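The values are calculated or read from the model by the stated rules, or taken from the named source; none is laboratory data. On a predicted model such as this, the values are computed, not experimentally measured, just so you know. Cβ coordinates were reconstructed from backbone atoms using ideal geometry, including for glycine residues, and neighbour counts include every protein chain displayed. Heads up: the accessible areas ignore ligands, DNA and RNA and are worked out on the full protein's heavy atoms, side chains in. Shrake-Rupley method; radii C 1.70, N 1.55, O 1.52, S 1.80 Å.
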Amino acid sequence: MTQTANSLSTPPVEAALSEEEIEILRGEITPELIAAEVSRYSGGKPLDDANRTTIKSRHAFHEHNTLAIEALLEDLERIGDGSLSVLLDPFTEVLPFGGSYSLNNIEAQLVGSEPREEMVLITAHLDSTAQNRDDPDYDPTKDPAPGADDDGSGVAGVLAAARAIKRLSTLKRPKRTIRFVLFNAEEVGLVGSKHYAWDQRTLRAPIAAVYQMDMIGYNR
């Protein structure tokens, strides 16, 4: 069979990931690890073995929202082990009926090998709600809102991605900077993500892609 000039000039296709990289992904992203993180952040088990605190709700107006923030900061610091820049992204929302509230998003950044290149965001929202049309008396400051799927599953996905990509970066640092971002107050009007998006637009941040994980545990 005679080969054409085009087929002769086509370079061989290389595997996107090495076997070692694939093994890292298999080890860091498993059903068991994801389920364990979902359980921690949705009240299925304590956040940690030290103080045995169990989250009742991650609603923006519930006191346990702060517990979730503190635990996520610790988790990302531990995952990064010095290679992730972890910080709070504060914002204030003015309420239409008067007053305001101040909360935080969370950002963890892994600087790429070429910092001037575009960046990629891996995101989820960290808050929860149990309010629905059938429960007009729901009190977000007191009532449970475990939010295992919405969006404890997304939170677990971001943590798993952070673990895997941090380990992958020890083999080969990504060209683009990668940010792991957890938005707050999404269930009260997409507040945290709007503030974050506005800030990044103002800064002209070169965001190439956003992988948003919302309710990734849903099963029909």
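A few points about this structure:
- Residue in region 81-105 that is least open to solvent (accessible area, probe 1.4 Å), counting only those that are in contact with a helix residue (DSSP H, G or I) (Cβ under 8 Å, 6 or more places away or on another chain) and more than 18 Å from Gln200 (Cα to Cα): Leu84
- Of all residues in region 185-204, those that are aromatic (Phe, Trp, Tyr) have Cβ atoms under 8 Å from Cβ atoms of residues that are not in a helix (DSSP H, G or I), 6 or more apart or on another chain, in Tyr196/Asp89; Tyr196/Phe91; Tyr196/Asn105; Tyr196/Val181; Tyr196/Phe183.
- Which numbered condition Thr170 fails, given (1) open to solvent by 70 Å² or more (accessible area, probe 1.4 Å); (2) within 15 Å of Glu107 (Cβ to Cβ); (3) free of Cβ contacts under 8 Å to residues at least 24 places away in the same chain: (2)
- Failed item in (1) part of a loop (DSSP other than H, G, I, E, B); (2) open to solvent by less than 20 Å² (accessible area, probe 1.4 Å), with Ala108 passing the rest: (1)
- Residues being within 22 Å of the chain's Cα centre (by Cα) and β-branched (Val, Ile, Thr) - total across region 93-115: 2
- Positions within region 38-68 being within 17 Å of the chain's Cα centre (by Cα) and either free of Cβ contacts under 8 Å to residues at least 24 places away in the same chain or surrounded by fewer than 20 Cβ atoms within 10 Å (Cβ to Cβ) (or both), in sequence order: Ser39, Thr66, Leu67
- Residue within region 180-195 that is within 26 Å of Leu25 (Cβ to Cβ), open to solvent by 80 Å² or more (accessible area, probe 1.4 Å) and under 18 Å from the mean Cα position of the chain (by Cα) present: no
Yes or no, residue by residue, for (1) in a helix (DSSP H, G or I); (2) modelled with pLDDT of 95 or more; (3) in contact with a strand residue (DSSP E or B) (Cβ under 9 Å, 6 or more places away or on another chain); (4) not charged (D, E, K, R):
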residue	(1), (2), (3), (4)
Pro136	no, no, no, yes
Leu159	yes, yes, yes, yes
Ala162	yes, yes, yes, yes
Lys175	no, no, no, no
Val181	no, yes, yes, yes
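- Of the set (1) open to solvent by 30 Å² or more (accessible area, probe 1.4 Å); (2) outside any strand (DSSP E or B); (3) out of contact with any helix residue (DSSP H, G or I) (no Cβ under 6 Å at 6 or more places or on another chain); (4) of a type in the set (A, V, I, L, M, F, W, C), all apply to Val210 but (2).
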